[in-house]
Amino acid sequence: MRDFHLPGRSAVFATNGMCATSHPLAAQIAVETLKRGGNAVDAAIAGAVLLGVCEPQMTGLGGDMFALVSQGDEVHGLNASGRAPAGFDAAALREAGHDAVPVYSAHAVTLPGAVDGFATLAERFGKLGLGDALGPVIPYFEDGVPVAPRVADDWAKAKHLSGEGRRHFLVDGTAPASGTRFALPGQAEVLRRIVANGRAGFYEGEVAEDMVASLNALGASHTLDDFAATSCDWVQPISGTYRGVELVELPPNGSGATALLILKMLERFDIAAMDPLGADRAHLEAEAAKLAYDARNRFIADPDHTTRLDHMLSEELAAPLAGLIDMEKVLPAPAPLAEEVHKDTIYITVADGDGMAVSLIYSVFHSFGSGLASTRFGIGFQNRGAGFNLTEGHPNEAGPGKRPMHTIIPAMLRREGRVEMPFGVMGGAYQPNGHARVVSNMVDFGMHPQAAIDTARSFGALGPMELENGYPSAVWDALRAKGHEVKEPETAIGGAQAIRIREDGVLEGASDPRKDGCALGY
């Protein structure tokens with residue numbers, strides 16, 4: 001195996017604790033939480049919630065969350081994604097002429113599951129308690145943080161903010177420039193109520209009343225009972241091996257099985273013999289991703305209603321799909337979904353000195369979610385309901401109390417049963433492809449985590465082949481010769497964070513230069 005080290009960011013090493021995430025202030029508060037006696041769960045909660053004001057286009061209290069928590073080599077899974085309200089009526093939307101859930105409407109707003117998830121994580125695994133973990137975060141929401149460069153760029157591209165969304169998330173009617181201080185004082189008050197009353201401070205009382213009244217005024221059916229009933233679930237993680245390394249993911253309604261299926265197909269090819277930035281590798285990865293994403297679209301849905309997870313993880317599916325890949329021809333892309341256009345998610349990973357690690361992802365779906373917000377407290381509403389479809393009888397058909405198919409997926413790697421690396425790759429539809437890419441970079445090419453993240457990416461699962469800077473012009477020509485439409489992406493493809501937990505106890509952090517963040521340890 002080659003020792004493939006690319007020039008780029010240096011790895012970060014520490015022994016007592018570490019955080020890697022997409023904004024320095026969030027990494028800093030996570031490390032501070034560890035230093036004052038918190039564990040990896042406490043630190044991940046503090047850092048993730050702070051990202052709601054540091055990167056409000058990506059995440060917030062009105063969003064969903066998924067997490068993997070390891071204690072030693074045991075991995076626990078948490079699904080804190082919200083459901084459609086009990087009054088959701090797919091037939092009414094079809095009768096109104098819609099063939100998909102309107103993306104930037106109150107109909108796309110599912111119940112926010114993240115706060116319940118944070119409370120549940122803190123209760124089961126935290127040391128400080130939810131209130132203590134969140135207390136130091138509140139001044140940032142009250143006083144504001146300077147807008148980071150990548151955040152400012154994303155903010156300026158968000159054109160669908162409307163009504164209260166514009167009032168709470170724009171400054172004098174425009175997106176704030178890099179370096180501008182931005183605050184969410186209404187959400188600071190919400191956090192104070194959560195500190196005082198736990199999850200009830202969000203899902204009951206004046207905060208819930210504000211959210212329900214705001215959504216009802218926009219034509220949605222949400223009720224106070226819907227909010228009060230919101231509850232996350234502990235779930236059994238799923239996994240698959242790739243050349244002896246185990247990738248651990250969460251089960252549906254998340255898309256982790258898609259990454260496992262991609263790797264099952266890729267394992268049948270000699271990728272280590274390919275140029276890591278060559279045409280054959282980019283082509284193979286794109287074709288495997290197309291097939292896996294098509295399977296995802298058919299099979300992944302709310303498991304309380306229907307799922308074919310066993311089939312999706314089976315060799316009986318992977319083998320014939322891999323046989324469809326022609327190294328000189330392009331397969332058609334899977335049917336597009338509303339979820340494919342978004343790239344707006346935060347990911348945070350924390351490892352402490354006592355053997356606990358957290359892999360956590362937290363999102364409002366599209367940039368600023370639905371573009372809508374509650375009147376009084378300024379809680380941005382996610383639009384995760386756009387992940388449903390309106391096809392009658394489809395497993396992922398929108399319906400009351402259902403969870404939509406979800407894109408956000410935290411992950412961990414295990415080697416010979418030992419948890420080696422919590423990691424995640426942000427970037428909407430790219431995420432399963434990104435997980436497979438990071439794993440292949442490390443396993444097939446011997447890259448260390450930072451190099452595996454730094455190296456140029458390709459993404460061709462949805463049609464056109466996007467190539468980041470770093471691919472030679474000859475690769476563009478070779479891909480065109482195979483039948484790909486090749487283009488540059490509008491923004492960098494994805495954004496990854498990782499912490500490798502070495503056998504000697506040293507923590508090795510890696511953070512994507514495509515984002516504003518960093519890895520910090522002590």
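Between the beta carbons of Ala213 and Leu390, assuming R0 = 30 Å, the FRET efficiency works out to 0.65 to the nearest 0.05. Can you tell me how region 3-61 classifies by the Cα gyration tensor, rounded, prolate or oblate, using a/c under 1.5 as the rounded cut? The shape class here is oblate.
Checking every one of the trypsin sites (Lys or Arg not before Pro) in region 398-473 against DSSP loop status and a limit of 11 other Cβ atoms within 10 Å picks out no site at all. Listed by chain and number, the lysines whose alpha-carbon sits under 29 Å from that of Lys482, ignoring those within fewer than 8 places in the same chain, are Lys264, Lys290, Lys329, Lys343. Counting only protein heavy atoms and a probe of 1.4 Å, the accessible surface of the chain is 50% carbon and sulfur. Take the alpha carbon gyration tensor of region 389-522, find the square roots of its eigenvalues, order them as a ≥ b ≥ c, and report rounded if a/c is under 1.5; if not, report prolate when a/b exceeds b/c, else oblate. It is oblate, given that a/c is not under 1.5 and a/b is not larger than b/c. Under 13 Å from a point 7 Å along the Cα-to-Cβ line of Ala229: which residues of region 46-69 have their amide N that close? No residue qualifies, since no backbone N sits under 13 Å from the label point. Entry note, the chain: relative contact order of 27 percent, from Cα contacts under 8 Å with a spacing of 6+ residues.
Average accessible surface for region 166-303: 36 Å² per residue, computed with a 1.4 Å probe over protein heavy atoms with every protein chain in place.
Taking amide H as placed 1.01 Å from N in the peptide plane, Gly494 has no amide H partner under 5 Å among residues 5 or more places away or on another chain. For region 89-171, the list of trypsin sites (Lys or Arg not before Pro) that fall in a loop by DSSP and count at most 15 other C-beta atoms within 10 angstrom reads Lys159.
In this structure region 366-417 gives 25 Å² per residue of accessible area when probed at 1.4 Å with all protein chains present.
Here's how it looks for Arg83: its modeled amide H is under 5 Å from those of Leu111, which are all 5 or more places away or on a different chain. Cross-link partners for Lys35 among the lysines, with Cα-Cα distance under 16 Å and sequence neighbours closer than 8 places in the same chain left out: Lys127.
The values are calculated or read from the model by the stated rules, or taken from the named source; none is laboratory data. Treat the numbers as computed from the prediction; the structure is a model and nothing was measured. Neighbour counts are summed over all protein chains in view; Cβ atoms, including those assigned to glycine, are modelled from backbone coordinates with ideal geometry. Heads up: the accessible areas ignore ligands, DNA and RNA and are worked out on the full protein's heavy atoms, side chains in. Shrake-Rupley method; radii C 1.70, N 1.55, O 1.52, S 1.80 Å.
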